[in-house]
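Have a look at the structure below, then the notes.
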Amino acid sequence: MVSYSTAECILKKTGLDSLPKFDLLNDKPTDNVLISHAHQDHLNALPFLIKKFPHLKIITTPQTRAIAELTLHNAISILNRQVNEGEIEIYSHDEVDLLIKSINYKSYNEIFSLSSLNSNQEIEAEFFDAGHILGSAGIMLRFDGIKIFFTGDINLSSQSLLSGAHLPREKIDILITETTYGATDTTLINYWKNEIERFSHSINKVINNGGSVLIPVFALGKLQEMIATIWLQMQSNKITNVDVYTGGIGNKINRIYDYNRYSINRNEKDLILSDIPQKN
Ligand SMILES: [Zn+2]
């Protein structure tokens, strides 16, 4: 029996240890890889997977493809810091460029078929808006009269920008899901609008006492929602008007959110994140 202490369980894996067990696919015929969204725990092993199985056809949404181009390049310098020399061959910027060019993309609710070198079975696929971050998708597979739906990371409720998941209305046979609050009664979770009130109240309290507020958020997804929330609250005089500082890769991701604001299910479509005054 292997036992782990609590500390070991919550330790973040880095480098080679953080990769999925690709060897499990060694004796399985594989044809396609469908990417649910661009958060690093769902995307960043892709270059290693393709190195091992170069024949795989990659399919995702156009927005995830755009973000992937940014974040996979960005990940190279992080990997160089985390991986010991000789432990694993890290991919190069040229390889990321080639990989991105090879990614096929399909919009939400566009039905497409998955080609197979290994069988003649017809498999139909469709992406549904998962409402989690820009480009996030739940994936429906239909074959032999069976429907399998994989949610990916999913958000059912509306945020400041994203309007929440748009799920399939048809009956499904098998559901595969991953979610942080899967076992929680959602009526017990605070609503976004109530949280904004609480958030604004806390910010005002600190600023009015002469303080500064530090908000640690992921650069992809949460930063865009936070910037939009703060700006909208400032515009309606619910948050004291102060300078806002952002940094890192988040500003580049803001531009991808802006570029796609009319092509996805979004609130505040006219709000351009890059136009919100931000100091670096
Ligand atoms: Zn995610």
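The values are calculated or read from the model by the stated rules, or taken from the named source; none is laboratory data. Computed from a prediction, not measured in an experiment: that's the story for all the values here. FYI the Cβ positions are ideal-geometry reconstructions off the backbone, even for glycines, and counts take in every protein chain you see.
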Practice prompt. Identify, by number, the condition in (1) surrounded by 14 or more Cβ atoms within 10 Å (Cβ to Cβ); (2) away from the ligand (no atom under 16 Å from the Cβ) that Glu195 doesn't meet.
Written response: (1)
Response to the item:
Within the stretch 218-258, restricting to residues that are among the aromatic types (Phe, Trp, Tyr) and within 17 Å of the chain's Cα centre (by Cα), the one that is farthest from Asp153 (Cα to Cα) is Tyr257
Practice prompt. Please note which strands (runs of 3 or more DSSP E) are completely contained in the stretch 124-192 and include at least 1 residues that are under 23 Å from Arg266 (Cβ atoms) and within 13 Å of the ligand (Cβ to nearest atom).
Written response: 137-143
Worksheet entry | Residues located in the stretch 202-219, provided they are over 24 Å from Asn254 (Cβ atoms) and exposed (fewer than 10 other Cβ atoms within 10 Å of the Cβ) | Asn208, Asn209, Gly210
Discussion item. For the stretch 94-123: of the residues being without any contact (Cβ under 8 Å) to a residue 40 or more places away in the chain, over 21 Å from the mean Cα position of the chain (by Cα) and outside any strand (DSSP E or B), which is farthest from the ligand (Cβ to nearest atom)?
Written reply: Asn120
Discussion item. Tell me the residue from Phe143, Phe150 that is more than 13 Å from Ser36 (Cα to Cα) and aromatic (Phe, Trp, Tyr), please.
Written reply: Phe143
Discussion item. Among the residues in the stretch 16-24, are any within 20 Å of Asn74 (Cα to Cα), in contact with a Gly (Cβ under 7 Å, 6 or more places away or on another chain) and within 16 Å of the ligand (Cβ to nearest atom)?
Written reply: no
Item to complete: Consider Tyr262 carefully, then state whether it is more than 18 Å from Ala38 (Cβ to Cβ) and either within 16 Å of the ligand (Cβ to nearest atom) or surrounded by fewer than 18 Cβ atoms within 10 Å (Cβ to Cβ) (or both).
Response: yes
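Rundown of residues vs (1) in contact with a Phe, Trp or Tyr (Cβ under 9 Å, 6 or more places away or on another chain); (2) within 20 Å of Tyr259 (Cα to Cα), yes/no style:
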residue	(1), (2)
Phe53	yes, no
Leu56	no, no
Thr60	yes, yes
Tyr105	no, yes
Ser116	no, no
Glu124	yes, no
Item to complete: Could you run through the stretch 36-56 and say how many residues are in a helix (DSSP H, G or I), away from the ligand (no atom under 12 Å from the Cβ) and hydrophobic (A, V, I, L, M, F, W, C)?
Response: 4
Practice prompt. Being over 17 Å from Gly135 (Cα atoms), aliphatic (A, V, I, L, M) and outside any loop (DSSP other than H, G, I, E, B) is the filter here, so list the residues in the stretch 234-280 that pass it.
Written response: Met234
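Yes/no per residue for (1) at negative phi; (2) at pLDDT 95 or above:
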{"site": "Gly135", "(1), (2)": "no, yes"}
{"site": "Thr179", "(1), (2)": "yes, no"}
{"site": "Ala183", "(1), (2)": "yes, no"}
{"site": "Leu188", "(1), (2)": "yes, no"}
{"site": "Trp192", "(1), (2)": "yes, no"}
{"site": "Ile196", "(1), (2)": "yes, no"}
{"site": "Val206", "(1), (2)": "yes, yes"}
{"site": "Asn209", "(1), (2)": "yes, yes"}
Item to complete: Check whether at least one residue in the stretch 207-230 is within 16 Å of the ligand (Cβ to nearest atom) and of a type in the set (Gly, Ala, Ser), and report yes or no.
Response: yes
